[in-house]
Amino acid sequence: MTYSRRDFLRSTAIGAGLAAPLAQTLFGPSVARAQGDKHGGTLRISATFGLSTINPVAHISGAEWMATRWLYNNLTRLNVKREVVPDLAESWAASEGGRVWTFKLRRGVQFHIGREVVADDAVATMQTILDPKTASPYRGEIGPIERVDAIDKYTVRFTLRVPFADFPAMMTLPVARIVAREGLGDLKALAAKEFGSGPFRLREFVPGDRVTVERFPSYYRSGLPYLDAVTLKIFPEPTTELTAFKGKETDLIWDVSPDLFSQVAGTPGADAMAVPGGTFANVILPSDKPPFNDSRVREALKYTVDRTKMLAAIHGAHGELANDHPVSSAYTFYAQLPLRTPDLGKAKALLREAGHGGGISFKISVAASPPIREQMAVILKEMAKPAGFNIDVEVLPYDRYLAQVWNKGVPYVGFYATRPTADTILMKLYHPKDGLDEGRWAPSHAEAVKMLEQARETLDVAQRRRLYAQFQKVARDDGPFIIPFFRSELSGKWAYVRDFRLNASNFEMDLEEVWLTADAPRKKA
C-alpha cells in the first residue's frame, strides 16, 4: 500500500482552514499576476540575537534558520497555512506502511554555483547530517532514517528504522536544507559560504552583525523573487531596534517583544502583525536527581504558577495558556485538558509529603536573550516563594549559557519555536534517543516514551490522536517541565512592505512574493 502526498496533506495538516486546494496555498495565482512594478528594492529586516553561522547543518537560532531559508531549498516546505507542500520535491509517496518514503525531484532546478540539483545532493546532505562526526545539533529531528538512496537522477528514497507518518513534514525543517555536494567537504567553511538553490544568493555575511542576500535570477519559480536584495541586521538592544524601525532604517522587525509591539501598533504607517503559534519557554526540572526526582516536588512548583498573570506580565494578551506540555492548539493533535490553576496550599502540602516542609532552595540559569527566559524565571521566583521555594536566578550571556547550561541536566529556562508537527517537539523534548530527553525523564517513564513511538509509527489518524492525548495528560501530571503559556508570534512592518505573511513558525520567513511599493525607502537600491 502506498501513501501519497494527497493522503499526507489530509491526515497531517496543522491549523485552521487546511482544506484549501493546494493550488491556492503556495503556488497560487499571485505569481501569474506579477507586475513589473513589483520587482526591485532591498528589504531590511531586524532581529536581536543569533546570527553566528549560515551553515544549515549546524545552525541553531531562529535568525540563522531564517537566513538559510532564503539561501537554500528543502525537499518540502511549510506554507503559512502550515501545510506541507512541494519544494525541491514535486511529489512523494510512502510504502511499507510508512517505513519507506520516495521523493521525486523537480527537474531543472539550479544551484547558485551553476549546476542542476539532483538526487545525489539530497543523499549527500542527509548523510552528512546523520553522520555522528558532524554533530549536527538537530540531527534527531529529521526522523529515524536508516539509509538514503538515489534511485535515479531525480528520485530519492528514504528507508526508516520504523514507520513514521509525519516524515514529509520533517523535510521542511531548517536542518534539512539541501546543500550542493561541493559545499559539504568543508563544514567549517560552510559557516560563512553558501551552496544553495534558494531564491536569494549570498552577497555578504558578517557573523553576529548582518547578512545580505541578493536575488538569484535563475530561481526555479520564474519571475520570483520580486526583491533585489534582503539584509538581516542584528540589534542586540530591542529599544535600539525599535528606534531604527521608527526611523525607517529597517522595514520589518522579525520578533517584537510585547511591550514594543504596542508601540509598533501605534506608529502611523506601520502594521503590527500577530499569529497564534506554539512557541514557548520551559522551566526544566531535571528528574534524575534531587529534589526534582520526586514528582511531588515538581508538582508542588507547578501549583505555584498563576499562568494567566504570568502570560499577562510577559506577553500581554498575545498568547495561549499552557498545561506543562509543549503541544498548543496550533497542532493537529492538541488535546484539551483541564488547566492547572494555582494552589499554594496544595503546593505546601506536597512539599511536606516529600519531606521538604522547611522549603527548598535551588538555582535556575537563564540566557540573557530572548528576554522571556529571564522574565519567566524572575516571576516564577516570586510566585513560588510563598510556598517555600527559594530560587536563585542566574543570568548568563547566550554563548556561555549554551556551553555551560543548556541540556546539561541542571534547572534552567529553555526556549522553543513552533515546530511543523506535535511529534517534532514531543520527540525533541522527551525522547532519549531521537531527542534530548531534556528533563532526564525518559528512563523512569518508559511507557510514556513508548506512546510517542507508537503514535509516530501508525498512519491511523484516530489512533495517533488517542496516543498523543494520553501522552499530553501524563506530561501535564508528571512531566519534567513547567510550560505556563504559548506566546503568539509578533512582528512589525511598514505598510509599503506588501504580501508578507507571518508564519506560526516565524523563522519560516518566505520572501519570494514580498514586494515594496514605490514609496519604500530602498525600492530602487
Inset, instruction - Find, among the trypsin sites (Lys or Arg not before Pro) in segment 113-191, those assigned to loop by DSSP (not H, G, I, E, B) with at most 16 other beta-carbon atoms within 10 angstrom. - result: ARG115, LYS153, ARG161, LYS188
Legend entry - Anisotropy class of the chain from Cα gyration tensor, a/c 1.5 cut: oblate
Legend entry - Considering only segment 276-487, percent of DSSP beta bridges that pair antiparallel, nearest 5: 55 percent
Legend entry - Amide H within-cut-off set for TYR412, under 5 Å, with H built and near neighbours excluded: ILE284, SER365
Legend entry - Share, in percent, of DSSP beta bridges within the chain that are antiparallel, nearest 5: 75 percent
Inset, instruction - Could you look at segment 401-516 and say what percent of its accessible area is carbon and sulfur, using a 1.4 Å probe and all protein chains? - result: 51 percent
Inset, instruction - Place the peptides 473-482, 397-406 in order of packing, highest mean first, counting for every residue the other Cβ atoms within 10 Å and averaging per peptide. - result: 473-482, 397-406
Inset, instruction - Would you mind calculating the relative contact order of segment 54-191 from Cα pairs under 8 angstrom and at least 6 residues apart, reporting the percent as a whole number? - result: 33 percent
Inset, instruction - Return a whole-number percent for the relative contact order of the chain, with Cα pairs under 8 Å and 6 or more residues apart as the contact set. - result: 21 percent
Inset, instruction - Over the chain, average the accessible area per residue using a 1.4 Å probe and give it in Å², no decimals. - result: 37 Å²
Legend entry - Residues whose placed amide H lies under 5 Å from that of GLN110, excluding near-sequence neighbours: VAL117, TYR220
Inset, instruction - Evaluate the charge dipole of the chain about its Cα centre and quote only its size in Debye, nearest 20, assuming +1 on the Cβ of each Lys and Arg and -1 on the Cβ of each Asp and Glu. - result: 360 debye
Inset, instruction - May I ask you to list the lysines whose Cα is less than 25 Å away from that of LYS309, ignoring any residue fewer than eight positions away on the same chain? - result: LYS346, LYS348, LYS363, LYS381, LYS385, LYS473
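The values are calculated or read from the model by the stated rules, or taken from the named source; none is laboratory data. Just so we're clear, the structure is a prediction, and the values are computed from it rather than from any experiment. Virtual Cβ from ideal backbone geometry, glycine too; neighbours counted across all protein chains shown. Keep in mind that these areas ignore ligands, DNA and RNA; they rest on the heavy atoms of the full protein, side chains included. Shrake-Rupley method; radii C 1.70, N 1.55, O 1.52, S 1.80 Å.
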